[in-house]
Amino acid sequence: MQVRLRKTGAIALSTIPALLVSLSVAAHEPEKHAEGAKAPDCAAMKDMDSATMDKDDPVMQAMMEQCKGHMESMAHSKSSADSGQRDHGNEKASEGSAHDH
Amino acid sequence: MSIRKLLACVRCLAVAGLVLILAGAAYVYLGLYPIGADTPHNAATYWLLESVRERSVARAASGIAVPGDLDASARLLAGGADYNDMCAGCHLEPGVKESDFTLGLYPAPPNLAEAHDVHGDPETRDQRRFWIIKHGIKASGMPAWGPGHDDERIWNMVAFLKRLPDLTPQQYQIVTARKDSAAH
C-alpha cells in the first residue's frame, strides 16, 4: 500500500514542478507587424459569383461598404459583362461621373 | 490496526513525502524539465494544462453579457481590420495554411479561419472568445488584448471570428483592408 502511494505521489510531485515551471515562462512572441495597410482589392468583387451574393448578408454589406466608389465605376465599365454587379452599382450610377479615387 | 502500527505508517508516509519533495526540487534545479517548445507535453501534462485552461475560462466567461448586434456589418469591418493587423500572423486567414507562429508556437495557435468544432452553444462560444481575447492565456503565445483595447473593439473581433470561416481569400481581403480616410 505504501509502495502504491509513493508511486502516485511521485507522479504528482514530478507533474507539479513541471506545471509550475511551464506556467512561469512568459511568452513574448514578437507579433507579426501589419504590412503597410493595403487598399481593398475591389476588382476581385467582379469575379465573385453573383448568385452567392446576398445583399442582406452582413459580409456582403461590409464588402459593398468597402468598395462603394469602385462599384460605381465598375457599373459603368463592366455593366454589360456582369449583371450581378449592375444591381449594386446602379443604385449609385445615377449620380453620374465615375470618380476613381 | 494498533496505535503503534498506525504511527509507523504515518512516519513512513512523512519520510516518503519528504523524499519526493526533494526529488521534485532536484528535478527543477538540475534543469531536467525539457522546456523547449519543440518537445510536446506528455499526455498527463497535456491533460492537466488543457483541463486547467478550459475549466478556468468556462468559469470566468460564464457571466459575460453578449451584445445583440454581433452580426452588424460595421462590426465585421472594424473587427476584420484589427484581426488582420493583430491576429492573422498566428491564427491565419482564408487560403493560408501555416505561418512561423503556427509551426513554432507550443501550444500552437488554432486556425481560426477554419470551421472547427464549436465549444458549446453560440453564446458560450462568444463569451469564451471574448474572455480569451481580453485576458489572453498564460504560458501560451496568446496575449491579453484587454490592456490596449476596449471591450467594443474586442466584441468587433468576436463578431468577425463568427464569419471568418465563411470567407474566401478575396472576401477576406476586401473586408479586412483598411481604407485610407481619403477614400471616404
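The values are calculated or read from the model by the stated rules, or taken from the named source; none is laboratory data. Since the model is a prediction, treat every value here as computed from it, not as a measurement. In this analysis, Cβ positions are derived from the backbone assuming ideal geometry, glycine residues included, and neighbour counts consider all displayed protein chains.
Observations, loosely collected:
- Hey, residue B:48 closer than 17 Å to residue B:162 by Cβ and in the same structural domain as residue B:158 (by TED's automatic domain parsing) or not: no
- Single residue of B:74, B:23, B:60 found to be more than 12 Å from chain A (Cβ to nearest Cβ) and in a helix (DSSP H, G or I): B:60
- Qualifying residues in the stretch B:95-104 (those that are away from every other protein chain (no Cβ under 12 Å) and part of a loop (DSSP other than H, G, I, E, B)) - the one nearest to residue B:41 (Cα to Cα): B:98
- In the stretch B:127-176, the residues that are in contact with a Gly (Cβ under 6 Å, 6 or more places away or on another chain) and among the aliphatic types (A, V, I, L, M): B:142, B:144, B:157, B:159, B:175
Here is a yes/no grid of residues against (1) touching a helix residue (DSSP H, G or I) at 6+ places or on another chain (Cβ under 9 Å); (2) surrounded by fewer than 20 Cβ atoms within 10 Å (Cβ to Cβ):
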| residue | (1), (2) |
| --- | --- |
| B:52 | yes, yes |
| B:79 | yes, no |
| B:90 | yes, no |
| B:97 | no, yes |
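- Residues in the stretch B:117-151 that are more than 11 Å from chain A (Cβ to nearest Cβ) and small (Gly, Ala, Ser) were compared, and the one that is nearest to residue B:100 (Cα to Cα) is B:144.
- Within the stretch A:44-67, tally of residues that are modelled with pLDDT of 85 or more and either surrounded by 15 or more Cβ atoms within 10 Å (Cβ to Cβ) or part of a helix (DSSP H, G or I) (or both): 11
- Residue B:173 being under 30 Å from residue A:46 (Cα atoms) and in the same structural domain as residue B:71 (by TED's automatic domain parsing): yes
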